[in-house]
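FYI, it's all coordinate maths here, none of it is from the lab. The model shown is predicted, which means the values in this text are computed figures rather than measured ones.
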Amino acid sequence: MSWARIIFASSCGRWWKRLDLSVFKQSYSAEGGELYAPELMLGVWLYAYALGITSARLVERRMVEDLAFRYLGAGERWTTGR
């Protein structure tokens, strides 16, 4: 992995931390399983879209294989609910 991609991922992480995501957090309910932090999900998806990745399953795979995705997702293991 190139340093440019790591730096780009880091800047994506700083950018979304400035957004007000309280609307997403308020919509969470007690039903269902463990929830992911909206900040992490948004950062991962913005980075994925910037790389041209639009498949949830491919993002799930990259969360395991790619250091930048793991950094943005704070090391969480995501599943697509298959």
Please turn the phi angles of the stretch 37-48 into ³J(HN,Hα) values with the Karplus equation 6.51 cos²θ - 1.76 cosθ + 1.60 (θ = phi - 60°), one per residue in order, whole Hz, x for glycine and proline.
-> 5, x, 4, 5, 4, 5, x, 5, 5, 4, 5, 4
Note, the stretch 55-66: 3J(HN,Hα) by Karplus (6.51, -1.76, 1.60, θ = phi - 60°), whole Hz, Gly/Pro = x, goes 8, 4, 5, 5, 4, 4, 5, 5, 5, 8, 8, 10
Would you mind calculating the gained length between S11 and V64 on full extension (0.36 nm times residue separation, minus the Cα-Cα distance), in nm to one decimal?
-> 17.0 nm
